[in-house]
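Below is one structure, written out as structure tokens; the observations come after it.
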Amino acid sequence: MGQKNRETLVAYLRGWLKGMSWVKDLVNRDAAIKMVGDELKLNPKQAAESVDELSTTGTLNLPGLQVVLDLRNQFGFKLNKGDKLPVYYDAAYFNAAKGK
């Protein structure tokens, strides 16, 4: 990505993390479920399941992402950048957003 858009990305991630924190706060659960249901056209049960599946920390499932890359490779999809996750994901931006 380079440094040109670094601050924009870090600011976006900070906002995303703040939103994730709001959604996962039990005080906001009903409002979050309604919001998700309305936006995604889900019934309340489906919306609650979607909210429950969200990460509590905002981190990505890196082992799961590696499995996706491995499957794409296994089934013959051309991976222009190779099959190693660090080429596709740089934790420095996320860590900066979290203040690490």
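We did not get these values from a lab; they are worked out from the coordinates using the rules stated. Since the structure is predicted, the reported quantities are computational estimates derived from the model, not experimental observations. Virtual Cβ from ideal backbone geometry, glycine too; neighbours counted across all protein chains shown.
Among the chymotrypsin sites (Phe, Trp or Tyr not before Pro) in the stretch 7-88, those placed in a DSSP loop whose Cβ has at most 11 other Cβ atoms within 10 Å are Phe75, Phe77.
Across the stretch 52-60, rounded Karplus estimates of 3J(HN,Hα) from the backbone phi angles (6.51 cos²θ - 1.76 cosθ + 1.60, θ = phi - 60°) give 5, 7, 5, 5, 7, 10, x, 6, 7 Hz, Gly and Pro being marked x. For the chain, rounded, prolate or oblate, judged on the Cα gyration tensor with a ≥ b ≥ c (square roots of eigenvalues), a/c < 1.5 rounded, else prolate if a/b > b/c? Oblate shape, in that a/c is at least 1.5 and b/c is the bigger or equal ratio. Note on the chain: with charges restricted to the Cβ of Lys and Arg (+1) and Asp and Glu (-1), its dipole about the Cα centre is near 380 debye.
Each residue of the stretch 25-37 is assigned a 3J(HN,Hα), and the resulting list reads 6, 4, 4, 9, 3, 4, 5, 5, 4, 4, 4, 5, x Hz, derived from the Karplus form 6.51 cos²θ - 1.76 cosθ + 1.60 (θ = phi - 60°), x at Gly and Pro. Paramagnetic label reach from Tyr88 (point 7 Å along Cα→Cβ; backbone nitrogen cut-off under 14 Å): within the stretch 37-60, residues 60. The label point for Phe75 and the one for Asn95, both projected 7 Å from the Cα toward the Cβ, are 3.3 nm apart.
Couplings 3J(HN,Hα) for the stretch 84-90, derived from phi with the Karplus relation 6.51 cos²θ - 1.76 cosθ + 1.60 (θ = phi - 60°), are 9, 4, x, 5, 9, 9, 10 Hz, where x marks Gly and Pro. Per-residue ellipticity at 222 nm, computed for the chain from helices alone with -39500 (n - 2.57) per DSSP H run of at least four residues, works out to -19000 deg cm²/dmol.
A simple spin-label model places the labels of Leu40 and Ala11 2.8 nm from each other, with each point 7 Å out along Cα-to-Cβ.
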